[in-house]
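Step one of this worksheet: look at the structure below.
The values are calculated or read from the model by the stated rules, or taken from the named source; none is laboratory data. Because the structure is a prediction, the values reported are computed rather than measured. Glycine gets a Cβ as well: all are built from the backbone with ideal geometry, and neighbour counts include every protein chain shown. Only protein heavy atoms, including side chains, enter the accessible area calculation; ligands, DNA and RNA are left aside. Shrake-Rupley method; radii C 1.70, N 1.55, O 1.52, S 1.80 Å.
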Amino acid sequence: SLIMHEFGHASACARYGAEPSDIGFTLYLIWPAFYSDVSAAWKLKRWERVVVDIGGVFFQLVIAAVYVIIYTLTSWIPLKLSLLMIAASCLFTLNPVFKFDGYWVVADTLGVTNLSQQPIRIFQYYLARLRQLPVKPLPWPPLIISILAIYTVLSFGMWGYFLWLII
């Protein structure tokens, strides 16, 4: 399902006319991972990029559906374990804090570039306002700022938890 995940990104990219590149294997932070180079997706419209972002999870869920059918017919226990692993993989990859698919879905949906840099920016903005220092307004409408503020809290919490686990 993980290889199919990457084919999902590549096929969504190709669907909108952006040519996908390599599919391969790498280490991300401390985890082994497959990847699909869909850099050409930057030429696409924002909502087309969102489809490319979620294309991998979609393909994984198609594989999971096939496993469900086969498991229903056979009751073969390894398929049940595989389904749990696919579900965990999908949830993990949709995490918006680490630069997995969820990160790109949030960034492209909100239209915010460099999403990972925005929590510090928002933190500094509100800290300056608390100190009653002059600040330039944030460049987004109030709804996006609210979502980014929630993302900021989530981001700091997730990174703190991740570091706690590592230490």
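Among all residue pairs at least 6 apart or on different chains, which show Cβ distances below 8 Å where the first residue, located in the range 112-141, is in a loop (DSSP other than H, G, I, E, B) and the second is surrounded by 11 or more Cβ atoms within 10 Å (Cβ to Cβ) and among the hydroxyl-bearing types (Ser, Thr, Tyr)?
Listed by first residue and then by second, the contacts come to Val135/Tyr125; Leu138/Tyr125.
Can you tell me which residues in the range 151-161 are open to solvent by 30 Å² or more (accessible area, probe 1.4 Å) and farther than 11 Å from Phe123 by Cα?
First, pick out the residues of the range 151-161 that are open to solvent by 30 Å² or more (accessible area, probe 1.4 Å): 153-154, 156-161.
Leu154, Gly157, Met158, Trp159, Gly160, Tyr161 - these are the residues of the range 151-161 that are open to solvent by 30 Å² or more (accessible area, probe 1.4 Å) and farther than 11 Å from Phe123 by Cα.
For Tyr28, state whether it is open to solvent by 60 Å² or more (accessible area, probe 1.4 Å), among the hydroxyl-bearing types (Ser, Thr, Tyr) and touching a strand residue (DSSP E or B) at 6+ places or on another chain (Cβ under 6 Å).
No; evaluated as a whole, the condition is false for this residue.
For every residue, the table says whether it meets (1) modelled with pLDDT of 95 or more; (2) farther than 24 Å from Gly111 by Cα.
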site	(1), (2)
Arg15	yes, no
Leu29	no, yes
Asp37	no, no
Leu44	yes, no
Val51	yes, no
Ile54	yes, no
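Every residue, every condition in (1) under 19 Å from Leu148 (Cα atoms); (2) not in a loop (DSSP other than H, G, I, E, B), yes or no:
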| site | (1), (2) |
| --- | --- |
| Ala14 | no, yes |
| Ala18 | no, no |
| Ala40 | no, yes |
| Arg49 | no, yes |
| Ile54 | no, yes |
| Ala65 | no, yes |
| Lys99 | yes, no |
| Gly102 | yes, yes |
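Taking only pairs six or more apart or across chains, which ones have beta-carbon atoms under 6 Å, a first residue in the range 33-53 that is aromatic (Phe, Trp, Tyr), and a second residue that is not in a helix (DSSP H, G or I)?
Every condition considered, the pairs that remain are Phe34/Phe25; Tyr35/Gly24; Tyr35/Thr26.
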